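Asks: First, the structure itself, so that you have it in front of you.
The values are calculated or read from the model by the stated rules, or taken from the named source; none is laboratory data. Please read all numbers here as calculations on a predicted model, not as lab measurements. Every residue, glycine as well, gets a Cβ built from its backbone with ideal geometry; the counts of neighbours run over all protein chains shown.
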Amino acid sequence: MLADILAETTILTLHQDEMLEVNEFLVLDHIREHDRTTRPEIARALGLAPSTVGRIVGRLLAEGAIVEDRLARTGPGRPPVHLSFNRQAGCVLAVDLGGTLCRGELEVSPDSLPSRNQILRSISAY
């Protein structure tokens, strides 16, 4: 009986390091899509614990993928710290390899990298 249920059900198990990688991608993608966001905004939008967001942001800052912008204090409490995608850091390449269709998207920093067409030409050469 249980074997029949398991045979019909797909069970997805993510190990801790895989979940961290997924969460890191989600946080980086959120920052890229919502420029000048904050840690609490990210936690609310993604449903992650503030401590999880804090650890991931710390790693992304250390890697240079994002930058902080500390604003002047406007009232009581801590001043807000905005996070932005570091457009000088490189590029983002997303590829969806399906059974019958292959799609891709490339975002290139205009300031520090070759043009998008140059990169796409070099990719298509493979």
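Asks: Quick one: A43 ticks every box in (1) at pLDDT 95 or above; (2) more than 12 Å from L83 (Cα to Cα); (3) surrounded by fewer than 17 Cβ atoms within 10 Å (Cβ to Cβ) except a single one, so which number is it?
Replies: Condition not satisfied by A43: (3).
Asks: Okay, moving on. For the stretch 19-51, enumerate the residues that are in a helix (DSSP H, G or I), touching a His at 6+ places or on another chain (Cβ under 7 Å) and of a type in the set (V, I, T).
Replies: Just the residues of the stretch 19-51 that are in a helix (DSSP H, G or I), to begin with: 19-33, 39-46, 50-51.
If we keep only those that are touching a His at 6+ places or on another chain (Cβ under 7 Å) as well, we get 42, 45-46.
Of everything in the stretch 19-51, just one residue is in a helix (DSSP H, G or I), touching a His at 6+ places or on another chain (Cβ under 7 Å) and of a type in the set (V, I, T), namely I42.
Asks: Mind checking which pairs have a first residue in the stretch 63-88 that is surrounded by 10 or more Cβ atoms within 10 Å (Cβ to Cβ) and a second that is in a helix (DSSP H, G or I) and of a type in the set (K, R), Cβ under 8 Å, 6 or more apart or different chains?
Replies: If the second residue must be in a helix (DSSP H, G or I) and of a type in the set (K, R), the pairs left are V81/R39; L83/R39; F85/R32.
Asks: Hey, another quick one. Return a yes/no flag: does the stretch 91-100 have any residue that is modelled with pLDDT under 85, loosely packed, with under 11 Cβ neighbours inside 10 Å and polar (S, T, N, Q).
Replies: yes
Asks: Would it be correct to say that I119 is at pLDDT 90 or above, surrounded by 11 or more Cβ atoms within 10 Å (Cβ to Cβ) and among the hydrophobic types (A, V, I, L, M, F, W, C)? Explain how you work it out, then say what you get.
Replies: Values: at pLDDT 90 or above: no; surrounded by 11 or more Cβ atoms within 10 Å (Cβ to Cβ): yes; among the hydrophobic types (A, V, I, L, M, F, W, C): yes.
Criteria not met by I119.
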